[in-house]
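One structure below.
The values are calculated or read from the model by the stated rules, or taken from the named source; none is laboratory data. None of these values were measured; they are calculated from a predicted model. In this analysis, Cβ positions are derived from the backbone assuming ideal geometry, glycine residues included, and neighbour counts consider all displayed protein chains. What goes into the accessible areas is simple: the full protein's heavy atoms, side chains included, and nothing from ligands, DNA or RNA. Shrake-Rupley method; radii C 1.70, N 1.55, O 1.52, S 1.80 Å.
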Amino acid sequence: MLQNKLSSHLSLLTKKEPVISRQFIPSECENIVTQSASEDPLNEEMYSPVRGLVHKYENRVLVLLTMNCAAYCRFCDRRRSVSEIKKGIITAKDIDVMCAYVTKHPEIHEVIFSGGDPLTVPEILKQALQKFTSLSQIKIIRIGSRLPVSNPLRITSQVLDALRVVKKQPLYMMLHFEHPAEITPETVKAVKKLQSVSTMSLSQSVFLKGVNDSEDILCELFTRLVEIGVKPYYLFRCEPVRGAEHFIVPFDREVEIATRLHERLSGLSVPSYVIDVPGGVGKVPVALNFWKVNRSSFTDFQGKKVKTA
Ligand code: SF4
């Protein structure tokens, strides 16, 4: 059960911006559950061979370093486990077990740290980075974080110190922005600090009803992100997560908005609009209105037909 948590930065922001409140403050809509909703739509539990590690794609693994975040997003697709801080604590022993698993799988060359928010636990992050970056097979490090948005003051020297451990591999910061109002002066400062120690910063966004289901809002968001040196990377269709279905935007509406974004934005500013396939078998790009296609279903990476409605 996802706990309620708001940082002091977001408390200030939610007073001015209802679109921010909607993302972080629980609503009664969370009790409405349909049959298609799932606690774990991406099947991560099934792909977890050792505690804290998800191995779904051949050449990369996900490390869920903590279940803690500075604030909890109500639409989180890990709401089944995020905020369960005690259960989610990763120890030095867990990290050793994960590294041993990776060593036995030489095909793995990339580690993606996620959670929860790995930047909220800089000590554990530093230990994990020291271990994983010392494996010669690891060529790429990615870290996912929403901390610059949810509590930018927590991008401290301790966090930057932890990130400086990555020397041999490129370090990609995968940030998470939903609305242009999140790009506050404090957030811009935090992003700049992260950019001083990382190779590149990108951003992922999720279509959210009542937050960013608007062509103008997303145009502004992606334009502003590029201006602060953050490349918009993915725009996801919201997952049918139990308790978060009220955020799902009608599919045709999303396609219409994504099409207009391609017309209005430069290639640098427009993210790839994808469906993270329920069951966790790949991120499938959606055909936009430039093509006359039947979008009632698509074929996933394993050749299975998936209905969109
Ligand atoms: S910051 Fe990320 S992991 Fe944490 S609640 Fe939000 S979406 Fe979930």
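Annotations for the structure displayed:
- Of all beta bridges that DSSP places with both ends in the chain, some 25 percent have antiparallel geometry.
- Estimated Rh, segment 244-309: Kirkwood, alpha-carbon pairs, angstrom: 13.1 Å
- Whichever lysines have a C-alpha closer than 25 Å to that of Lys307, once near sequence neighbours (fewer than 8 apart) are set aside: Lys56, Lys209, Lys283, Lys292
- Cα centroid of segment 72-132 to Cα centroid of segment 187-230, whole Å: 24 Å
- The phi torsions of segment 234-249, fed into the Karplus equation with coefficients 6.51, -1.76 and 1.60 and a -60° offset, translate into couplings of 10, 10, 9, 6, 4, 6, x, 7, 4, x, 10, 5, 5, 8, 6, 8 Hz, rounded to whole numbers, with Gly and Pro shown as x.
- Rg then Dmax, both in Å and based on the Cα atoms of the chain: 18.7, 53.
- In the chain, helical runs assigned H by DSSP with n ≥ 4 each contribute -39500 (n - 2.57); averaged across all residues and rounded to the nearest 500, the mean residue ellipticity at 222 nm is -8500 deg cm²/dmol.
- Virtual paramagnetic centre 7 Å along Cα→Cβ of Glu84, amide N under 18 Å, in segment 43-73: 43-55, 63-69, 72-73
- Difference of contour (0.36 nm per residue) and Cα-Cα distance, Gln302 to Ala100: 69.9 nm
- Relative contact order, whole percent, for segment 1-139 stands at 27, derived from Cα pairs under 8 Å and 6 or more residues apart.
- Cα gyration tensor, segment 22-144 - rounded (a/c under 1.5), prolate or oblate: prolate
- Heavy-atom accessible area ranking, 1.4 Å probe, most first, across Ile25, Ile228: Ile25, Ile228
- Under 22 Å from Lys86, Cα to Cα: lysines that are on another chain or at least 8 residues apart: Lys5, Lys126
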